[in-house]
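The values are calculated or read from the model by the stated rules, or taken from the named source; none is laboratory data. Note that the structure is a prediction, hence the values are computed from the model and not measured. As a convention, Cβ positions derive from the backbone with ideal geometry for all residues, glycine included, and neighbour counts pool all protein chains shown. Keep in mind that these areas ignore ligands, DNA and RNA; they rest on the heavy atoms of the full protein, side chains included. Shrake-Rupley method; radii C 1.70, N 1.55, O 1.52, S 1.80 Å.
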Amino acid sequence: MAEPIPVSANGAPGTPGATDTPDDDVSSLKARLRRAERRRRLTAMLLVAPLFAFLLVSFLIPMGDMLLRSVDNWQIPNVLPNTVERIAAWDGEALPEEAVYAAMAADIRAGKESGEIGKAATRLNYEVSGARSLFNKTRRRIERIEPPYKAALIDIDRRWGQPDIWQAIKRESGPYTASYYLAAADLTYNAEGEVVAVPEYRQVYVELFIRTIWMSLAITGLTILLGYPVAYLLANLPLRYSNLLMILVLLPFWTSLLVRTTTWITILQSQGVINDILVWLGLIATDERLQLIHNKIGTMVAMTHILLPFMILPLYSVMKTIPPSYMRAARSLGATPLTAFVKVYLPQTVSGVGAGSILVFILAIGYYITPALVGGETGQFISNFIARHMLVSLNWGLAAALGSMLLAGVLVLYLVYNKLVGIDNMKLG
Amino acid sequence: MITKLPPYASPLERVWHSAYLLFCAAVFVFLIGPILVIVPLSFNAEPYFTFTKEMISFDPDGYSLRWYKDFLENELWLFSIKNSFIVAIVSTILATSLGTLAALGLASSYMPYRTLVMSLLISPMIVPLIISAAGMFFFYSSIDLAHTFPGVILAHTALGVPFVVITVTATLIGFDRNLIRASQNLGASPTTTFFKVILPLVTPGVVSGALFAFITSFDEVVIVQFVAGPEQRTVPLQMWSGIREQISPTILAVATLLVCISIALLTVLELLRRRTERLRGLSPG
């Protein structure tokens, strides 16, 4: 903690009778000050260190692990080492030499023994469809074949006689690969090794990214539309009323996300409250109940509801700082209510709108739970595909690449938010 | 006052003003309505998600506690409640102690690379949960922490930490440093100063940070899907699979209970906020 203030034992500098010269005294004072500052810096760092170390292990290294996994290509160089070594000399045009085929046969034998060959096969299957079945078929018969291996392998399956599988191995023989990122951007390599777009029927991710961004923007827009007037009301009401109304904003904010999503399922489903009311009012017939859920509408409504407090709260805290006398001044100087609002009030709330929008947008593009439960086929976000690749298709490289791209986008927005608001000023609740 | 117009307001202004208030009322209904709707529905005597005729006519036969009974008699739900509390309490304690210490360090003007460190410490709150979940799943699997209680607790602590750091830092910003000097001047040791002067002043921030950390863990459903195994099944995970597989009104009963927990937490927070404002003399009370 604080250093005691150094009091010179031999009086003030320059006092007659002082044994030290003034210069010495000043420099020792400086040294002590430096020492004190160093100690304080150390104390501060020591206080932060435990948490930093904790987050390093529990969060930051896992993030690094994911980034690494999006480019990691260990399967091919590690499981097929001989093939990778031999194929380096191949020109990539005609079929490879016998030596490459012999190396492949040896690798498949070794890989069958260690049980790793399936991993290389799965990895190659992402590059050339059908590679897994090719490897499985070959693995079953590998013990029975004899040299020359080129003829023997092509005899097992004629796909060994096509250059595409060899081109893929040659291209992906390094320890790192860009192919997960290419896949995440709907790109692939053609026979010449150039990057091209995948056939239209297989294009998924670009459209998905666009949909995620578009829907997040729409949700952000909706929260501004609904949140701005409410924040204005809250900021201008006397405290005892606004505190009461604030509870209506804070309660949803504090309610479990799953609860809020469940309520929307309950309300929007075809046998739910909204449809029942519409039928009761006679606006729709019983057999033409509206499909409000498991589509984009469901996702938009539920997410707008969930994210609205994140817009209202920053707006409120900005609006609270604007003195009402500004608007009165504008009005008394002859501005119409509209002019006064647009020219005087609105410009002062831009920072709040910006902060709220970035916050809502950041939260929206990473959403997973709500789209998964109420989104159906058309209301899915990029996060849902990451989860699908993690849990169902087990293509972890692609999940990591999609995740890294999303992460990059979010971090850029976070930097903007930081510039705009400053994380020190971030408020909760 | 905003709800009343001055007498000289034109008819157009009056119409506009009423429309504005109506719009705000509609937004408030949109915010709170869905949460209130599930409360009566959870007492439905029939397995429907809408109001039955009996419920609308307030016939007592239309209401029952069967879904609450169902919930309390179900082994899986009780098991997941126990797990949820274990994970949430342990990770709250960890996040609060680590986060408070770090916030004290971050509040010092001598802290080098302050902004950078702060951004790193807050990042678990910013990074989309699915990405954290994927990264944690990869890494925790490689060090045998996946599908264990320590793994889930580690992950939830990381998620809770930013809230504690933010709330405690916010408390420290309005903190009068002279109080520390005064305490030392009067002969208190740094430890005494910490426990007798600093801690009581930052307690509201620490408590609200802890509540945030608790609710974050208690409500978390993305990371548990990846990091938790069947033995670590929590309430949100149980709800999640309930909603996905076969939604029964038991979920609404659980949801109602969770809303009650939120209301309790919100009340505590509000009381804390008022106390702080009163102590700092910002609010008339």
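There is no residue in the stretch A:256-265 that is open to solvent by 40 Å² or more (accessible area, probe 1.4 Å), of a type outside the set (S, T, N, Q), assigned to a helix (DSSP H, G or I) and assigned by TED's automatic domain parsing to the domain that holds A:Ile386.
Any residue that is open to solvent by 20 Å² or more (accessible area, probe 1.4 Å) and under 19 Å from A:Phe54 (Cα atoms) - is there at least one of those in the stretch B:122-131? Yes. Listed by position, the helices (runs of 4 or more DSSP H) inside the stretch A:335-423 whose residues that are crowded, with 21+ Cβ neighbours inside 10 Å and touching a His at 6+ places or on another chain (Cβ under 9 Å) number at least 1 are A:369-374, A:396-420.
When you check A:Ala103 against the structure, is it in contact with a Lys or Arg (Cβ under 6 Å, 6 or more places away or on another chain) and open to solvent by less than 30 Å² (accessible area, probe 1.4 Å), yes or no?
Numbers: in contact with a Lys or Arg (Cβ under 6 Å, 6 or more places away or on another chain): yes; open to solvent by less than 30 Å² (accessible area, probe 1.4 Å): yes.
So A:Ala103 passes the test.
With a requirement of 3 or more residues that are out of contact with any Gly (no Cβ under 7 Å at 6 or more places or on another chain) and surrounded by 15 or more Cβ atoms within 10 Å (Cβ to Cβ), the helices (runs of 4 or more DSSP H) lying completely within the stretch B:39-116 that satisfy it span B:66-73, B:75-107.
Step by step: first the residues of the stretch A:266-278, then only those that are in a helix (DSSP H, G or I) and within 7 Å of another protein chain (Cβ to nearest Cβ), then the one that is surrounded by the most Cβ atoms within 10 Å (Cβ to Cβ). Which residue is that? Checked the stretch A:266-278; the qualifying residue surrounded by the most Cβ atoms within 10 Å (Cβ to Cβ) is A:Thr266. For the stretch B:231-285, the candidate set comprises residues that are within 23 Å of A:Leu244 (Cβ to Cβ), of a type in the set (Gly, Ala, Ser) and at pLDDT 80 or above; within that set, the residue that is farthest from the chain's Cα centre (by Cα) is B:Ala264.
Regarding A:Arg86, is this residue in the same structural domain as A:Arg158 (by TED's automatic domain parsing), crowded, with 20+ Cβ neighbours inside 10 Å and of a type in the set (Lys, Arg)? Can you show your working first?
Details: in the same structural domain as A:Arg158 (by TED's automatic domain parsing): yes; crowded, with 20+ Cβ neighbours inside 10 Å: yes; of a type in the set (Lys, Arg): yes.
It is true that A:Arg86 is in the same structural domain as A:Arg158 (by TED's automatic domain parsing), crowded, with 20+ Cβ neighbours inside 10 Å and of a type in the set (Lys, Arg).
Annotation: B:Lys82 fulfils all but one of (1) in contact with a helix residue (DSSP H, G or I) (Cβ under 9 Å, 6 or more places away or on another chain); (2) modelled with pLDDT of 85 or more; the unmet one is (1). How many of the residues in the stretch A:279-299 are under 27 Å from A:Gly227 (Cβ atoms) and open to solvent by less than 40 Å² (accessible area, probe 1.4 Å)? Residues meeting the conditions: 5.
Residues to consider are B:Ile81, B:Ile89, B:Ile131, B:Ile93; find the one that is more than 30 Å from B:Thr171 (Cα to Cα), within 24 Å of the chain's Cα centre (by Cα), more than 9 Å from chain A (Cβ to nearest Cβ) and of a type in the set (Val, Ile, Thr). So that I can check it myself, show each step before the final result.
Numbers: B:Ile89 fails: more than 30 Å from B:Thr171 (Cα to Cα); B:Ile131 fails: more than 9 Å from chain A (Cβ to nearest Cβ); B:Ile93 fails: more than 30 Å from B:Thr171 (Cα to Cα).
Unique residue meeting the criteria: B:Ile81.
Summed over the stretch A:215-247, the residues that are crowded, with 20+ Cβ neighbours inside 10 Å and within 7 Å of chain B (Cβ to nearest Cβ) give a count of 3. Apart from one condition, A:Pro314 fits all of (1) farther than 23 Å from A:Leu222 by Cβ; (2) outside any loop (DSSP other than H, G, I, E, B); the exception is (1).
Of all residues in the stretch A:56-80, those that are farther than 30 Å from B:Leu159 by Cα and more than 8 Å from chain B (Cβ to nearest Cβ) have Cβ atoms under 8 Å from Cβ atoms of residues that are part of a helix (DSSP H, G or I) and among the basic types (Lys, Arg), 6 or more apart or on another chain, in A:Asn73/A:Arg123; A:Gln75/A:Lys119; A:Gln75/A:Arg123; A:Ile76/A:Arg123; A:Val79/A:Lys119. Of all residues in the stretch A:302-334, exactly one satisfies the criterion of being under 24 Å from B:Tyr8 (Cβ atoms), surrounded by 13 or more Cβ atoms within 10 Å (Cβ to Cβ), in contact (Cβ under 8 Å) with a residue 12 or more places away in the chain and not hydrophobic (A, V, I, L, M, F, W, C), namely A:Tyr326. Pick from the stretch A:364-385 the residues that are at the interface with chain B (Cβ under 8 Å from one of its Cβ atoms) and under 10 Å from the mean Cα position of the chain (by Cα): which of them is nearest to A:Asp72 (Cα to Cα)? It comes out as A:Ser383.
Looking only at the stretch B:179-194, residues that are surrounded by 12 or more Cβ atoms within 10 Å (Cβ to Cβ), within 33 Å of the chain's Cα centre (by Cα) and more than 9 Å from chain A (Cβ to nearest Cβ) come to 2 in all.
Having 2 or more residues that are out of contact with any Lys or Arg (no Cβ under 6 Å at 6 or more places or on another chain) and not assigned by TED's automatic domain parsing to the domain that holds A:Gly115 is the bar; report the helices (runs of 4 or more DSSP H) wholly within the stretch A:129-222 that clear it. Full working, then the answer.
Details: elements: A:131-141, A:149-156, A:163-171, A:179-184.
Where helices (runs of 4 or more DSSP H) fall fully within the stretch A:129-222 and carry at least 2 residues being out of contact with any Lys or Arg (no Cβ under 6 Å at 6 or more places or on another chain) and not assigned by TED's automatic domain parsing to the domain that holds A:Gly115, they are A:179-184.
With respect to (1) open to solvent by 30 Å² or more (accessible area, probe 1.4 Å); (2) farther than 16 Å from B:Phe71 by Cβ; (3) at pLDDT 85 or above, the lone exception for B:Val222 is condition (1). Could you list all residues from the stretch A:108-127 that are surrounded by 19 or more Cβ atoms within 10 Å (Cβ to Cβ) and farther than 15 Å from A:Ala152 by Cα? A:Gly111, A:Ile117, A:Ala120, A:Ala121, A:Arg123, A:Leu124, A:Tyr126, A:Glu127, listed by residue number. When residues in the stretch B:210-256 are screened for being within 9 Å of another protein chain (Cβ to nearest Cβ) and basic (Lys, Arg), 1 of them pass. With the condition kept exactly as written, say whether any residue in the stretch A:46-63 is farther than 30 Å from A:Ser404 by Cα, of a type in the set (S, T, N, Q) and either at pLDDT below 90 or part of a helix (DSSP H, G or I) (or both). No, there is no match, as no residue in the stretch A:46-63 is farther than 30 Å from A:Ser404 by Cα, of a type in the set (S, T, N, Q) and either at pLDDT below 90 or part of a helix (DSSP H, G or I) (or both). On the stretch given as the stretch B:167-178, residues that are farther than 16 Å from B:Glu277 by Cβ, more than 10 Å from chain A (Cβ to nearest Cβ) and surrounded by 13 or more Cβ atoms within 10 Å (Cβ to Cβ) total 2.
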